[in-house]
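Report on the structure given below.
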Amino acid sequence: MAQYCMLKNLAHSIAVIALLLAPALADAQNGMHTLGGGQDKSSHGSIIPGTRPAVAAPPPVGPTIPATEFDCNKPANAMETMLCQDEGLVRLGNRLDKVFTQAMDKARQGSNATQSQGKLQLEQRHWVHALKECMKNDNPHMCLGDTYILRITELQASWELAPSLTPLHYLCGGGVNNDVLATFYRTKPATARLVRAKAQVILHQQELVTGGARYAGQNVELIIRGKEASINWKGENLLCISQPEP
């Protein structure tokens, strides 16, 4: 009887301790879930600038909006047939649809919602037109996959849909419009969004270089080495240095 009472008391104590610890454990799990995406370099590609991750609230997601008008029940040409019959390309297509939906949701929330949505739809139609050029490539399958991946990451960077590092403000000498704001996103491949005056470009990480990395895209090249950076902005060479963090 005494042994039974001891076991009963022990079980009661364990239950009380579990109730007391439950909120703390829940908070810890929520914290891991929130921060994990920004810290996992292996799943988002490598990013060189050593700044702290910026936490962004996930955008609201409505009904999925198709990023293309392809009908896989009735493919219209060889490209659509390839996209619809390959499992890897189908997964990329589904991923693009989700990211495009997120971008449209953010476009609706802006002050110029109608203009932003129209611009996004026009950009997407241009991308679909460029996608057809892959069928002229020696390896159209690889070209299609790469083109989808680059479009996905471009949307993620343009609309801030992926975790990012703290933006860097580069001073690029005297003159007007020579300051550049660079934000690096944990996409795969890694992306950088450069803003100069009212112009914005999205670059993709091409390779690592000594002490830094090289990004390129949209006729712009960025090479980072520590606090220094060289930017070729559509033929104009800029030598820049990042401002100290506050």
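The values are calculated or read from the model by the stated rules, or taken from the named source; none is laboratory data. This is a predicted model, so every value here is computed, not measured. Here the Cβ is made from the backbone with ideal geometry for all residues, glycine too, and neighbour counts use every protein chain on show.
Here are the numbers for this structure:
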quantity: All positions within region 196-211 that are assigned to a strand (DSSP E or B) and either under 23 Å from Ser158 (Cα atoms) or at pLDDT 95 or above (or both); calculated: Arg196, Ala199, Gln200, Val201, Ile202, Leu203, His204, Gln205, Gln206, Glu207, Leu208
quantity: Residue in region 107-118 that is over 30 Å from Cys240 (Cα atoms), buried (at least 18 other Cβ atoms within 10 Å of the Cβ) and of a type in the set (Ser, Thr, Tyr) present; calculated: yes
quantity: Residue match in region 164-175 (condition: within 26 Å of Leu92 (Cα to Cα) and either without any contact (Cβ under 8 Å) to a residue 60 or more places away in the chain or of a type in the set (Gly, Ala, Ser) (or both)); calculated: yes
quantity: Candidate set: region 96-151, residues that are in contact (Cβ under 8 Å) with a residue 12 or more places away in the chain and of a type in the set (Gly, Ala, Ser); chosen: the one farthest from Pro63 (Cα to Cα); calculated: Ala130
quantity: Filter result (modelled with pLDDT of 95 or more, touching a helix residue (DSSP H, G or I) at 6+ places or on another chain (Cβ under 8 Å) and within 14 Å of Leu155 (Cβ to Cβ)) within region 59-101; calculated: Leu92, Gly93, Arg95, Leu96, Val99, Phe100
quantity: Region 81-94, subset surrounded by 15 or more Cβ atoms within 10 Å (Cβ to Cβ) and not hydrophobic (A, V, I, L, M, F, W, C), residue farthest from Thr64 (Cα to Cα); calculated: Asp86
quantity: Output for region 133-186, where each listed residue is surrounded by 17 or more Cβ atoms within 10 Å (Cβ to Cβ), over 21 Å from Lys227 (Cα atoms) and among the polar types (S, T, N, Q); calculated: Thr147, Thr153, Gln156, Ser158
